[in-house]
Amino acid sequence: MPTPSMEDYIEQIYILIEDKGYARVSDIAENLQVHPSSVTKMVQKLDRDQYLNYEKYRGLILTPKGKKIGKRLVYRHELLEQFLEIIGVEPDKIYDDVEGIEHHLSWDSIDRIGDLVQFFEEEPERVQALREVQKSNEAQNDEK
């Protein structure tokens, strides 16, 4: 299994390839806010671990193993964003919160969150009922 740092790189590479058709070291560095030399070291490690194929000055491609993990990591990220949105987290906090928690949850927890997101999406009244509970709790907290 990849480390959390490796996951960040695989996820970013997957997104870049999906969006642009390619992933360059400079693009990865910019998106992850790291130095290109750090990206090169990690890409070489990911190549050794068979998540991607890298040729210096030629670029990189994800292996089937890397694509599978990349797709799952993007799913996890998007699912956690949906979950936080459903439970009413402020939109400007969602991305940072997802970045903070995504590596600390088991895939079993991710799957259960997926079930919960599906539960709320199947009947929007459930989200409205949650908002009413939240309003009530906020009112009670304001009284304290």
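The values are calculated or read from the model by the stated rules, or taken from the named source; none is laboratory data. This is a predicted model, so every value here is computed, not measured. Cβ sites come from the backbone with ideal geometry, for glycine too, and all protein chains shown count toward neighbours. Quick note on the areas: whole protein, heavy atoms, side chains included, nothing else; ligands and nucleic acids left out. Shrake-Rupley method; radii C 1.70, N 1.55, O 1.52, S 1.80 Å.
Give the range 50-80 a look and list any residue that's in a helix (DSSP H, G or I) and open to solvent by 60 Å² or more (accessible area, probe 1.4 Å), or say none.
As a first pass, look at the range 50-80 and keep what is in a helix (DSSP H, G or I): 64-80.
Across the range 50-80, the qualifying residues are Pro64, Lys65, Lys67, Lys68, Lys71, Arg72, Tyr75, Glu78.
Of the residues Ile69, Ile94, Ile101, which is touching a residue at least 40 places away in the same chain (Cβ under 8 Å) and among the hydrophobic types (A, V, I, L, M, F, W, C)?
Step by step, each of Ile69, Ile94, Ile101 is checked, and only Ile69 is touching a residue at least 40 places away in the same chain (Cβ under 8 Å) and among the hydrophobic types (A, V, I, L, M, F, W, C).
Among the candidates Asp27, Asp47, Asp111, Asp96, single out the residue that is open to solvent by less than 30 Å² (accessible area, probe 1.4 Å) and acidic (Asp, Glu).
From the options Asp27, Asp47, Asp111, Asp96, the qualifying one is Asp27.
Report yes if some residue within the range 34-45 is assigned to a helix (DSSP H, G or I) and closer than 19 Å to Gly100 by Cα; otherwise report no.
We begin by selecting, within the range 34-45, every residue assigned to a helix (DSSP H, G or I); these are 36-45.
Restricting the remaining residues to those that are closer than 19 Å to Gly100 by Cα gives none.
Within the range 34-45, none of the residues are assigned to a helix (DSSP H, G or I) and closer than 19 Å to Gly100 by Cα.
Name the one entry in Tyr9, Tyr54, Tyr22 that is in contact with a helix residue (DSSP H, G or I) (Cβ under 6 Å, 6 or more places away or on another chain) and farther than 28 Å from Leu105 by Cβ. Steps first, please.
Working: Tyr9 fails: farther than 28 Å from Leu105 by Cβ; Tyr22 fails: in contact with a helix residue (DSSP H, G or I) (Cβ under 6 Å, 6 or more places away or on another chain).
Going through Tyr9, Tyr54, Tyr22 in turn, the sole match is Tyr54.
Got a sec? Which of Glu85, Glu99 is modelled with pLDDT under 95 and part of a helix (DSSP H, G or I)? Outline the logic, then answer.
Details: Glu85 fails: modelled with pLDDT under 95.
Selected residue: Glu99, the only one of Glu85, Glu99 that is modelled with pLDDT under 95 and part of a helix (DSSP H, G or I).
Looking for something acidic (Asp, Glu) and closer than 30 Å to Tyr22 by Cα - is there at least one such residue anywhere in the range 132-144? Step through it out loud before you land on a result.
Taking the range 132-144 as the starting set, the residues that turn out to be acidic (Asp, Glu) are 132, 138, 142-143.
Cutting the leftovers down to closer than 30 Å to Tyr22 by Cα gives us none.
Checked the range 132-144: no residue is acidic (Asp, Glu) and closer than 30 Å to Tyr22 by Cα.
Counting just the residues of the range 9-24 that are open to solvent by less than 80 Å² (accessible area, probe 1.4 Å) and free of Cβ contacts under 8 Å to residues at least 40 places away in the same chain, which one comes out farthest from Tyr95 (Cα to Cα)?
Per the criteria, the residue is Gly21.
With respect to Arg76, is the statement that it is more than 22 Å from Trp107 (Cα to Cα) and out of contact with any Lys or Arg (no Cβ under 8 Å at 6 or more places or on another chain) true?
In short, no.
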